[in-house]
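The values are calculated or read from the model by the stated rules, or taken from the named source; none is laboratory data. Note that this is a predicted model, so its numbers are computed, not measured. Heads up: the accessible areas ignore ligands, DNA and RNA and are worked out on the full protein's heavy atoms, side chains in. Shrake-Rupley method; radii C 1.70, N 1.55, O 1.52, S 1.80 Å.
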Amino acid sequence: MDRQLFAEMYDAHARAVYAYAARMSGDRAGAEDIVSLTFLEAWRLRDALDGITSHRAWLFGVATNVMRNSRRAARRHGNAMARLPPPDTVADPAEAVVSRIVDAAEAAAALAVLGRLRRTDREVLLLSVWSGLSHAEVAQACGVPVGTVRSRLSRARARLRRLAAAHLAAPHPAGKGRL
């Protein structure tokens with residue numbers, strides 16, 4: 001069968017094949033795919049058309065087979081997907097961004113009010129928290145007992161939390177104070 005005869009067959013029967021596929025599948029977009037696959041298969045089998053007396057009946061047979069194959073493929077795909085493990089949940093990146101912004105604001109507030117701590121409390125806080133020294137090492141560096149380091153560190157942290165919270169809550173002119 002040559003291209004011209006095949007084009008005439010398409011023009012004569014494409015709407016009927018589409019209507020059949022739409023009724024069978026209940027899906028217009030899917031019916032368009034069925035028509036495309038039907039005529040692709042018909043083109044592939046065009047040499048067999050010479051002995052066919054009713055092209056319309058033959059095309060409906062091809063369309064029926066295409067729909068069966070499509071349903072079978074969809075079922076196999078669904079079964080294969082069901083066998084896959086469920087996807088891991090992905091953390092919302094917005095939470096991490098907000099957390100970093102809050103952490104940065106709190107760190108900036110702590111730095112802004114650090115100078116308002118007593119010198120001895122500030123020394124212990126800086127040596128312990130930011131320099132990473134143990135309580136014994138801070139005691140040695142400051143020349144005080146370990147118990148004194150613990151009490152100063154506790155007092156410094158509590159006061160720094162209060163001052164930083166007050167700093168964050170206070171209104172600041174645009175571009176000044178917070179970050």
Checklist entry - Rounded to the nearest whole Å², what accessible area per residue is found for the chain with the 1.4 Å probe? => result 69
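Can you give the calculated 222 nm mean residue ellipticity of the chain, where each DSSP H run of n ≥ 4 adds -39,500 (n - 2.57) and the sum is split over every residue, rounded to the nearest 500 deg cm²/dmol? All intermediate terms of the calculation are to be shown ahead of the outcome.
Values: 7 runs with 129 residues, N = 179.
That calculation yields -24500 deg cm²/dmol at 222 nm.
Report, to the nearest whole %, how much of the accessible area of the chain belongs to carbon and sulfur atoms, 1.4 Å probe, protein only.
On the way: 6840 of 12350 Å².
Ligands and nucleic acids excluded, carbon and sulfur reach 55 percent.
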Checklist outcome for this item: Mean projected area (nm²) from the convex hull of Cα positions in segment 73-123 is 6.1
Item to check | Distant-in-sequence amide H partners of residue 45 (H built 1.01 Å from N, under 5 Å) | outcome: none
Checklist entry - Can you pull the Rg over Rh of segment 1-50, Cα-only, Kirkwood? => result 1.02
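Just tell me, in residue order, which DSSP H segments of the chain are both 15 angstrom or longer along the helix axis (alpha-carbon based) and at least 1.0 in mean Kyte-Doolittle hydropathy.
On the way: long enough: 3-25 (30 Å, -0.20); 28-44 (24 Å, 0.13); 55-83 (42 Å, -0.76); 93-113 (30 Å, 1.14); 146-169 (34 Å, -0.13).
What comes out of the filter, once short or polar helices are dropped, is 93-113.
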Checklist entry - Counting only Cα, what are the radius of gyration and maximum Cα-Cα distance Dmax of the chain, in Å? => result 38.6, 108
